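Just so you know, all these numbers are worked out from the coordinates, no wet-lab data involved. Please read all numbers here as calculations on a predicted model, not as lab measurements. Virtual Cβ from ideal backbone geometry, glycine too; neighbours counted across all protein chains shown.
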Ligand SMILES: Cc1cc2nc3c(=O)[nH]c(=O)nc-3n(C[C@H](O)[C@H](O)[C@H](O)COP(=O)(O)OP(=O)(O)OC[C@H]3O[C@@H](n4cnc5c(N)ncnc54)[C@H](O)[C@@H]3O)c2cc1C
Ligand code: SF4
Ligand code: SF4
């Protein structure tokens, strides 16, 4: 489930509010809020669209998980999905490397 | 550039709602809906597309990505592709439809390449087109939908259809849930592309898929088919949502004590996992993958690894607990019955595409996941969009038609009893999640579940209308309830095991039941058998 929006990184662009398929976030005058955490479907798509790597989705789908944001920021978790699919400038060469065709039919 | 005169027109809005006038309304913006919208617009129709979430991220494909039934047009390869799953599907497929879908998928995938989809190139320089990364594909489809001049309404779940005096479908209305008001689209034809129903099981990307399109269509009298084939369960880490099963082909499955679960496998041995889960926890480890395979897995499907990387599990070395999440009609094959090549439903003005429609024509009774569903979504989407656009031209001017709302459950004020969506969702899940009810089926257990589900339907039919803050959830859970009842009524009617439908009390496939089960109705659910084209010919020849 979505656990945090990092207030230091977030620029209040509201992209996450728009793209979340289950409408988990609400706009505010500043940083969006996680208004309906229980509706989160753990799809990780808000992370892909956040240009600032300011969001973190915990992989636990059925229950909330306490997060230590300071410790989390010392790992490379935030933004890791975006980098892996090639949606950052530095990793855009990864967009065309899908090797699924070698794995189908196993 | 889109021709501005082809844009849907926004007309005067009554208080608290926004009204559009269009030729074609597409409900749902996954692959089926976006292909439908683009195809209808290319036929010159003014199109509105309304999605519950955000067109581009919402639905099963956007979150999961899909293997695609893309086969080069070599007759031998095509023949092998068609023959491949016929037995698993219980011989309920239709060769003519398989041929059409293979042709259409080939064309549409090649269009995606022209539009800039970054297909990978293999070691021999050949572009490989049998896999689509979900976020990449759906971001591109949103862009193309906009470029085609389609008006997209995001965060706008449809709630009910509109019909004209003759009972033809002529639009829909719903909520703009980030603006707390209503939308109405008056259209000459409607495409239902709302995906399947996964019963809020948190299977990847599917909590927006609650069968809403089925409920809306049933309220105008549409028919369903193959609803008994709606019990696929997908493997995921027990704590997580990533139900991507391909890589479990390299897994070993074990009990708590480390001993191997006999017969357990992702393919052809998933029921052994379900039986073991009835006894206690089951663990997986992807220990059959060599270094090359591990590398391909990582670059191909990065989201598969998020649950592991973020919990410190090495899935190739460590054992981790797994579960099976119900995917309902998302990777099942049941849905709205298609009556002709344009993907028309049994109701005038109403078309169906993707998981909202049956996939029996190309999958029979076995899952369309892995390749067929994605092929069906793009093919049926394009046909339904074109069909709806052509129908709209024949209908003529819309002016002067009086339209009425078809929604019933959760809209009618019946009593002082409140509609309680959260409780209803749990009640439906309690009947459809358990493996002993839905994976392994048997008459008395099915009848017990149906009795409770029918009682729940009577209860919600008599409940008071839901208020604005609850109406979307109320309609979603009512749709789940209706879907469960079509599913189990059809499962009772099929007194054999075929495809993914297994009956403990009829464990064999019965050659006399090589037919389809049609179903429909809301207060009273009916079923009937429909002959399979080839089985019919065979009987006639005997
Ligand atoms: C984990 C997973 C893996 C899969 N892998 C494969 C695979 O490898 N190969 C394959 O062929 N298939 C696969 N599938 C199945 C495939 O994803 C679906 O068949 C496909 O997404 C169907 O497309 P669709 O457009 O019909 O539905 P979806 O992509 O689910 O889109 C439906 C859309 O309708 C919208 N909607 C729902 N209700 C409403 C409403 N009331 N009003 C407005 N909009 C609404 C939703 O928000 C959503 O955007 C997989 C499915 C899952 C869950
Ligand atoms: S997308 Fe990222 S930066 Fe933008 S509002 Fe959301 S959290 Fe903040
Ligand atoms: S993980 Fe998916 S459902 Fe959850 S907040 Fe992010 S986008 Fe929304």
Take every DSSP beta bridge with both residues inside chain B and express the antiparallel ones as a percent of the total, to the nearest 5. 70
Be a star and scan the stretch A:70-106 for residues whose amide nitrogen sits under 17 Å from the point 7 Å along the Cα-to-Cβ vector of residue B:113. A:96-102
Partner chain Cβ atoms within 10 Å, averaged over the residues of B:284-295 - can you pull that number for me? 1
For a Förster distance of 25 Å, can you work out the FRET efficiency between the beta-carbons of residue B:433 and residue B:458, rounded to the nearest 0.05? 0.65
Along the Cα-to-Cβ line of residue B:128, 7 Å from the Cα, sits a label point; which residues in the stretch B:51-67 have backbone N less than 16 Å from it? B:66-67
Under 8 Å for C-alpha pairs, at least 6 residues apart: give me the relative contact order for the stretch B:143-263, rounded to a whole percent. 14
Share of alpha-carbon pairs per 10 Å distance bin for chain A, given as whole %: 14, 43, 31, 11, 2, 0
Rounded, prolate or oblate: which one fits chain B, using the alpha carbon gyration tensor with axes a ≥ b ≥ c (rounded when a/c is under 1.5, else prolate when a/b beats b/c, else oblate)? rounded
Of all DSSP beta bridges with both partners in the protein assembly as shown, the antiparallel percent, nearest 5, is 70
Between residue A:11 and residue B:523, what is the label-to-label distance in nm when each label sits 7 Å out along the Cα-to-Cβ direction? 5.8
Calculated Rg and Dmax of the protein assembly as shown using C-alpha coordinates, Å: 23.4, 76
Principal axis dimensions, the stretch B:399-542 - Cα atoms, whole angstrom, descending: 58, 47, 19
With n ≥ 4 as the cut-off for DSSP H runs, can you work out [θ] at 222 nm for chain B, using -39500 (n - 2.57) per run divided by the number of residues, rounded to the nearest 500? -11000 deg cm²/dmol
Over all distinct Cα pairs, what is the inverse of the mean 1/r for the stretch B:247-363, reported as the Kirkwood hydrodynamic radius in Å? 17.0
Report the paramagnetic label zone for residue A:95: residues of the stretch B:376-400 whose backbone N is under 13 Å from a point 7 Å from Cα along the Cα-to-Cβ axis. none
Test item: A:20-26 mean partner chain Cβ contacts at 10 Å: 6
Listing B:376, B:115, B:250 from the residue with the fewest other Cβ atoms within 10 Å to the one with the most, what is the order? B:115, B:250, B:376
Taking 22 Å as R0, compute the FRET efficiency from the Cβ-Cβ separation of residue B:533 and residue B:495 and round it to 0.05. 0.50
Please give the contour-minus-distance gain from residue B:318 to residue B:77: 0.36 nm per residue of separation, less the Cα-Cα distance, rounded to one decimal in nm. 82.9 nm
Rounded FRET efficiency, nearest 0.05, which uses the C-beta distance separating residue B:340 from residue B:469 and R0 of 51 Å: 0.80
Reduced to Cα centres, the span from the stretch A:45-106 to the stretch B:344-410 in Å works out to 35
Counting only other chains, what is the mean number of Cβ atoms within 10 angstrom of the Cβ of each residue in peptide B:128-140? 4
Segments B:37-45, A:37-45 sorted - mean Cβ within 10 Å per residue, highest first: B:37-45, A:37-45
Sum -39500 (n - 2.57) across every DSSP H segment of at least 4 residues in chain A, then divide by the residue count to get the 222 nm mean residue ellipticity, nearest 500. -3500 deg cm²/dmol
